[in-house]
Amino acid sequence: MSQVTITLPDGSQKQVAAGAPVRAVAEMISPRLAEAACVAWVGDRLVDLTHPLTDDATVRFVTTKSPEALEVYRHSTAHLLAAAVTALFPDVQCGIGPPTDEGFFYDFVVSRPFVPEDLAAIEAKMRELADNDFVYERQAWPRDEAIAFFRQRGEPLKVQLIKEKTVGQSHVSCYTIRDRETFLDFCVGPHVPSTGRLKAFKLTATSNAYWKGDAKNQPMQRIYGTAFFTQKELDDHLARIEEAKRRDHRKLGKELGLFTFHPWAPGSTFWLAKGATLYNTLSDYMRDVLFPAGYVEVKTPIVFNKALWETSGHWTHYRENMFLVESRDGEEMGLKAMNCPGHMLVFGAEKRSYRDLPLRYHEQTPLHRNEASGTLSGLTRVRQFSQDDAHCFVAEDQIASEVEALLKLIQRVYGDFGLPYSAKLSTRPVDFLGDVVTWNHAEASLKAALEQAGQAYVVNEGDGAFYGPKIDFDVTDALGRKWQCATIQLDYQLPQRFDLTYVGADNAEHRPVVIHRAIFGSFERFMAILIEHFAGAFPLWLAPVQAAVLPIADRHLDYARQVQATLAAAGLRATVDDRQEKVNLKIREAQLQKVPYMLVVGDREAADGAVAVRSRAQGDLGARAVASFVHEALAEVDRKQIS
């Protein structure tokens, strides 16, 4: 019998019979590894443990300690879900069931929507299948036979998938859970060896869906779930979900009176008084950061002739995401979806010299994008928004220093909000514009800036924008969730499309490079992140209402208003609760509104020119002279104290 040579990660080698399953190698190494392995890498292919070894190959086993393992577990749990659903609902049609960052989902065509009782029954069936430890068996079916099988079984969606994804293949990969022959799924795998590996899973929700996410296609029901290696990990995750619900910015936005929405303006935020205060605080903060750094603020039109968008390339590549309008004269126009084309016109409006560079334009004008109605979600996905947007026009030899300055700016801003972050450098994609030499130089400039600034980063190969490489930044909130916010993008294409030039020291014309950059991203999305990060309990410098003055009785109202006026004159945002209610109720409601400081005033405070200070976080702090409280509060604001 012929042998094949298997090379392991440590460089050692094993000899096995040709055709032996990958599992045989694990068994030769140790029984513990054979029990722990769920799938394996054979060369650059991730495969089941039953995969036959027909040639010499490198092999690396995947266990629960491997980064790939959780995705495999969740994919296998999605198949377990589908097996349970088909057992309980024989007439169901199966769609797709991929793993996700949070768990997995599976889409089904059913005669009626799923209800909570269905989820309980499906999950119980999944546990029954898991307890039976059925094998996940991969079967290679002749393509025509697989198409005929799924067509005869009344699953046209599977037929469509096979036809689309296996063009030119003689066989297709299908998986069955052995002893459950009624369930067979078209899938490339791989999967865990058997259902008994799946111990900790939970179905979490259902929703409406459409085949391939297109509302024109077959309506479906989606079941969401999650899975982990251990029950403790699952319990911790479910606790985080409950905490996320408590912090949901849509819930807190309503409770705290920050914003609302109306169906007559879908995807557009109505900022209420306190929300507008928070919005303007962020807006002014960004100006205070940028102006000393050499930025100038510009305002460009909201509606542009299509000629602008044709020049920028958006009319061809982005028009379906824009709101299009027509003037009385039949002129085709588009609402501004991004600021960069307008900034190209501002730069090109006059003759520029190398002495003008870097030239940094900042703008907070509202933008509009025609997002599908089904994707709109609170502040995180809207149709009208503003960005802390800027475009830096630089000479080629200024790229590294400008990016380094931007990295320091990002460090300063996220530090003020107490948001840890990480960076990733995205390099040249397959469908890039320009030449490789320019791209290599641009990527080298970004790497040099990252290293000079001491910024740790990972390389995200091939994920750059088509017009240039970029650095993206993920912030991590209080629940450990990552949000992509800041971005720094090099662009050689727009200056060329708009024929922008500057006169160099040699009196010749040169093409500038544009650095697109945002730190917050959109104000709306960043505010959603902050609301959830702080659970609505904003630090003093951000809080819409920084202090609530609470008179004990009506006779203390005049003094309460004097205190409020003193605070306002000092630049603190304060209100007076003048209702004829007990002070304990006023304190409780101010606490629920997450006001940082409650200032109780009665006879003694009025006589002494003082306030009884109560902190949202620390409780009773005792009496302070009004001037003393103002001094301490302003110092806390200046420090940008987070807690």
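Pairs under 9 Å by beta carbon, first residue touching a residue at least 24 places away in the same chain (Cβ under 8 Å) and among the basic types (Lys, Arg) in the stretch 614-634, partner part of a strand (DSSP E or B) and open to solvent by 60 Å² or more (accessible area, probe 1.4 Å), six or more apart or different chains?
Arg614/Asp620
Does any residue in the stretch 161-183 that is open to solvent by 90 Å² or more (accessible area, probe 1.4 Å) and modelled with pLDDT under 90 come within less than 8 Å, Cβ to Cβ, of a residue that is of a type in the set (A, V, I, L, M) and in a helix (DSSP H, G or I) six or more places away or on a different chain, and which pairs are these?
Thr182/Ala87
Might you check whether a residue that is under 30 Å from Glu242 (Cα atoms) and part of a loop (DSSP other than H, G, I, E, B) occurs anywhere in the stretch 480-487?
In the first step, residues of the stretch 480-487 are kept if they are under 30 Å from Glu242 (Cα atoms); the result is 480-486.
Within this subset, residues satisfying the condition of being part of a loop (DSSP other than H, G, I, E, B) are 480-481.
Yes, that holds for at least one residue.
Test each condition in (1) in a loop (DSSP other than H, G, I, E, B); (2) open to solvent by less than 60 Å² (accessible area, probe 1.4 Å); (3) modelled with pLDDT of 85 or more for Gly454 and report the one that comes out false.
(2)
Return the pair list, or none, for Cβ contacts closer than 9 Å from residues in the stretch 538-558 that are under 23 Å from His631 (Cβ atoms) to residues that are among the aromatic types (Phe, Trp, Tyr) and part of a loop (DSSP other than H, G, I, E, B), at least 6 apart or on different chains.
Listed by first residue and then by second, the contacts come to Pro539/Phe417; Leu542/Phe417; Leu542/Phe534; Pro544/Phe538.
Restrict the check to the stretch 575-591 and report whether at least one residue is open to solvent by 10 Å² or more (accessible area, probe 1.4 Å), modelled with pLDDT of 95 or more, part of a strand (DSSP E or B) and touching a strand residue (DSSP E or B) at 6+ places or on another chain (Cβ under 8 Å).
Scanning the stretch 575-591, I find at least one residue that is open to solvent by 10 Å² or more (accessible area, probe 1.4 Å), modelled with pLDDT of 95 or more, part of a strand (DSSP E or B) and touching a strand residue (DSSP E or B) at 6+ places or on another chain (Cβ under 8 Å), so the answer is yes.
Could you tell me which residue of the stretch 457-471 is modelled with the lowest pLDDT, considering only residues that are outside any loop (DSSP other than H, G, I, E, B) and open to solvent by 10 Å² or more (accessible area, probe 1.4 Å)? Full working, then the answer.
So the first thing to find is which residues in the stretch 457-471 are outside any loop (DSSP other than H, G, I, E, B), and the list is 457-460, 465, 468, 470-471.
Remaining after also requiring open to solvent by 10 Å² or more (accessible area, probe 1.4 Å): 457-460, 465, 470.
Details: Tyr457: 92, Val458: 92, Val459: 91, Asn460: 89, Ala465: 78, Lys470: 90.
Applying the filter and picking the extreme gives Ala465.
Scan the stretch 291-316 for residues that are touching a residue at least 40 places away in the same chain (Cβ under 8 Å) and in contact with a Lys or Arg (Cβ under 8 Å, 6 or more places away or on another chain) and jot them down.
Ala293, Gly294, Tyr295, Val296, Glu297, Thr300, Pro301, Ile302, Thr311, Ser312, Gly313
Hey, among Asp397, Asp389, Asp431, which residue is out of contact with any Gly (no Cβ under 8 Å at 6 or more places or on another chain) and in a loop (DSSP other than H, G, I, E, B)? Spell out the reasoning first.
Numbers: Asp397 fails: in a loop (DSSP other than H, G, I, E, B); Asp389 fails: in a loop (DSSP other than H, G, I, E, B).
Every option except Asp431 fails the conditions.
Within the stretch 218-254, can you find the residues that are acidic (Asp, Glu) and open to solvent by 80 Å² or more (accessible area, probe 1.4 Å)?
Within the stretch 218-254, just Glu242 meets the criteria.
Would you kindly identify the strands (runs of 3 or more DSSP E) lying entirely within the stretch 127-223 that contain at least 2 residues that are of a type in the set (Gly, Ala, Ser)?
It comes to 200-210.
With the checklist (1) farther than 12 Å from Gly225 by Cα; (2) open to solvent by 40 Å² or more (accessible area, probe 1.4 Å) in hand, flag the one item Ala84 doesn't pass.
Condition not satisfied by Ala84: (2).
Could you tell me whether any residue of the stretch 621-642 is in contact with a helix residue (DSSP H, G or I) (Cβ under 7 Å, 6 or more places away or on another chain), at positive phi and open to solvent by 50 Å² or more (accessible area, probe 1.4 Å)?
Yes, that holds for at least one residue.
What residue, of Ala215, Ala200, is open to solvent by 30 Å² or more (accessible area, probe 1.4 Å), more than 21 Å from the chain's Cα centre (by Cα) and among the small types (Gly, Ala, Ser)?
Checking each option against the conditions leaves just Ala215.
Where residues in the stretch 503-523 are open to solvent by less than 10 Å² (accessible area, probe 1.4 Å) and outside any strand (DSSP E or B), which of them is farthest from Ala390 (Cα to Cα)?
Here the answer is Gly504.
Of the residues that make up the stretch 115-124, is at least one modelled with pLDDT of 90 or more and in a loop (DSSP other than H, G, I, E, B)? Outline the logic, then answer.
Filtering the stretch 115-124 for residues modelled with pLDDT of 90 or more gives 115-124.
Filter once more, so that each one left must be in a loop (DSSP other than H, G, I, E, B): 115.
For the stretch 115-124, residues modelled with pLDDT of 90 or more and in a loop (DSSP other than H, G, I, E, B): present.
If the requirement is being in contact with a strand residue (DSSP E or B) (Cβ under 8 Å, 6 or more places away or on another chain), acidic (Asp, Glu) and open to solvent by less than 70 Å² (accessible area, probe 1.4 Å), which of these qualifies: Asp56, Asp107?
Asp107
Hey, among the residues in the stretch 100-112 that are assigned to a loop (DSSP other than H, G, I, E, B) and touching a Lys or Arg at 6+ places or on another chain (Cβ under 8 Å), which one's farthest from Gly213 (Cα to Cα)?
Gly103
Which of the strands (runs of 3 or more DSSP E) contained wholly in the stretch 1-99 include at least 1 residues that are in contact (Cβ under 8 Å) with a residue 24 or more places away in the chain, under 35 Å from the mean Cα position of the chain (by Cα) and at negative phi?
Strands (runs of 3 or more DSSP E) meeting the threshold: 39-42, 45-47, 57-62.
Inspect all residues belonging to the stretch 486-502 and state whether any of them is buried (at least 17 other Cβ atoms within 10 Å of the Cβ), over 27 Å from Val382 (Cα atoms) and aliphatic (A, V, I, L, M).
Yes, the stretch 486-502 has at least one match.
Restricting the first residue to the stretch 420-447 and requiring it to be modelled with pLDDT of 90 or more, which pairs with a second residue that is of a type in the set (Lys, Arg) and assigned to a helix (DSSP H, G or I) meet a Cβ separation below 7 Å and a spacing of at least six or different chains?
Leu425/Lys447
Any residue in the stretch 544-554 that is surrounded by fewer than 20 Cβ atoms within 10 Å (Cβ to Cβ), within 19 Å of Leu634 (Cα to Cα) and not basic (Lys, Arg)?
No, that holds for no residue.
Count, please, the residues in the stretch 592-604 that happen to be on the phi < 0 side of the Ramachandran plot and either surrounded by fewer than 20 Cβ atoms within 10 Å (Cβ to Cβ) or out of contact with any Ser or Thr (no Cβ under 9 Å at 6 or more places or on another chain) (or both).
8
The values are calculated or read from the model by the stated rules, or taken from the named source; none is laboratory data. This structure is a prediction, so every number in the text was calculated from the model and none was measured. All Cβ positions, glycine included, derive from the backbone under ideal geometry; neighbour counts span all protein chains shown. Just the protein is used for accessible areas: all its heavy atoms, side chains included, with ligands, DNA and RNA removed. Shrake-Rupley method; radii C 1.70, N 1.55, O 1.52, S 1.80 Å.
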